[in-house]
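Student: Quick one: this structure, given as structure tokens, is what I'll be asking you about.
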Amino acid sequence: MKNIVLIGFMGTGKSAVGRRLAARLGREFVDTDEEIERVTGKTIAQIFARDGEIRFRSEEALVVKKIAARENLVVATGGGVVLNPENVRALQKNGVLIGLTAAPEIIYRRVKRKRNRPLLNVPGDVLERIKTLLAERAGAYAVAEFTVDTGGLTVDGVVERIVAYLEERGLIPPAPVRSADK
């Protein structure tokens with residue numbers, strides 16, 4: 001069974017949706033950022049602060065390669081995973097890439113109090129930084145074969161849209177019809 005890989009900018013709901021989607025489908029959930037932290041023994045913020053973004057991206061590529069070789073997973077990726085074409089190729093080989101998006105203002109609202117976002121911990125206007133990064137990455141996120149705007153939806157609403165798409169494409173079996181539904 002192909003992996004279901006959630007891509008998109010930070011704060012679009014990849015981890016929350018991924019956990020719920022995995023539970024719904026009876027699949028294992030893997031978060032690439034959590035896996036990097038487990039393997040390195042450092043938080044993402046520590047890796048960025050001590051070793052820099054290049055080292056983080058290197059760790060990320062190693063984790064992606066390992067995860068992409070597995071099957072039947074729901075994977076939540078870090079927001080920048082698609083910046084490396086090798087990561088994209090590895091994830092596409094055995095996975096369906098689902099993009100999650102949200103308006104910059106919604107992302108800002110979701111992440112503004114979190115200090116574990118190294119790319120946003122810079123001087124200046126955080127909302128403007130989000131807009132800049134989104135614009136820079138727009139082309140990279142276009143590799144998703146299906147995209148859901150999470151801005152006006154609950155986590156369950158996003159999961160339902162993804163499940164409907166996967167069923168429609170024959171990537172997962174349709175849910176059995178319960179007798180109460182007939």
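Student: How many of the residues making up the range 1-43 are assigned to a loop (DSSP other than H, G, I, E, B) and open to solvent by less than 50 Å² (accessible area, probe 1.4 Å)?
Tutor: Result for the range 1-43: 6.
Student: Go through (1) under 16 Å from Phe9 (Cα atoms); (2) out of contact with any Ser or Thr (no Cβ under 9 Å at 6 or more places or on another chain); (3) buried (at least 18 other Cβ atoms within 10 Å of the Cβ) one by one and return the number of the condition Val126 breaks.
Tutor: Going through (1) under 16 Å from Phe9 (Cα atoms); (2) out of contact with any Ser or Thr (no Cβ under 9 Å at 6 or more places or on another chain); (3) buried (at least 18 other Cβ atoms within 10 Å of the Cβ) one by one, Val126 breaks only (3).
Student: Scan Val96, Val82 and give me the residue that is outside any helix (DSSP H, G or I) and within 16 Å of the chain's Cα centre (by Cα).
Tutor: Working: Val82 fails: outside any helix (DSSP H, G or I).
That would be Val96, the only listed residue that is outside any helix (DSSP H, G or I) and within 16 Å of the chain's Cα centre (by Cα).
Student: Another question, if that's okay. Which residue out of Ile130, Ile162 is at pLDDT 95 or above, outside any loop (DSSP other than H, G, I, E, B) and either at positive phi or not aromatic (Phe, Trp, Tyr) (or both)?
Tutor: Ile162
Student: Going by the conditions given, is Asn94 in contact with a Lys or Arg (Cβ under 9 Å, 6 or more places away or on another chain) and on the phi > 0 side of the Ramachandran plot? Lay out the reasoning, then the answer.
Tutor: Details: in contact with a Lys or Arg (Cβ under 9 Å, 6 or more places away or on another chain): yes; on the phi > 0 side of the Ramachandran plot: no.
Answer is no for this residue.
Student: Still on this structure: Residue check: is Leu97 loosely packed, with under 15 Cβ neighbours inside 10 Å and modelled with pLDDT of 95 or more?
Tutor: no
Student: Take Lys66 and decide whether it is closer than 21 Å to Asn3 by Cβ and either in a helix (DSSP H, G or I) or free of Cβ contacts under 8 Å to residues at least 24 places away in the same chain (or both).
Tutor: So Lys66 passes the test.
Student: Is there a residue being closer than 20 Å to Glu60 by Cβ, modelled with pLDDT of 95 or more and surrounded by 15 or more Cβ atoms within 10 Å (Cβ to Cβ) anywhere in the range 143-155?
Tutor: Our first condition is that a residue be closer than 20 Å to Glu60 by Cβ; within the range 143-155, this holds for 143-144.
After this cut, where a residue has to be modelled with pLDDT of 95 or more as well, the list is 143-144.
Of the ones still in play, those that are also surrounded by 15 or more Cβ atoms within 10 Å (Cβ to Cβ) are 143-144.
Within the range 143-155, one or more residues are closer than 20 Å to Glu60 by Cβ, modelled with pLDDT of 95 or more and surrounded by 15 or more Cβ atoms within 10 Å (Cβ to Cβ).
Student: Right, Glu86: touching a Leu at 6+ places or on another chain (Cβ under 8 Å), without any contact (Cβ under 8 Å) to a residue 40 or more places away in the chain and open to solvent by 40 Å² or more (accessible area, probe 1.4 Å) or not?
Tutor: Details: touching a Leu at 6+ places or on another chain (Cβ under 8 Å): no; without any contact (Cβ under 8 Å) to a residue 40 or more places away in the chain: yes; open to solvent by 40 Å² or more (accessible area, probe 1.4 Å): yes.
When the stated conditions are applied, Glu86 does not pass them.
The values are calculated or read from the model by the stated rules, or taken from the named source; none is laboratory data. None of the values given here were measured: they were computed from a predicted structure. Cβ coordinates were reconstructed from backbone atoms using ideal geometry, including for glycine residues, and neighbour counts include every protein chain displayed. The accessibility values were calculated without ligands, DNA or RNA, using every heavy atom of the protein model including side chains. Shrake-Rupley method; radii C 1.70, N 1.55, O 1.52, S 1.80 Å.
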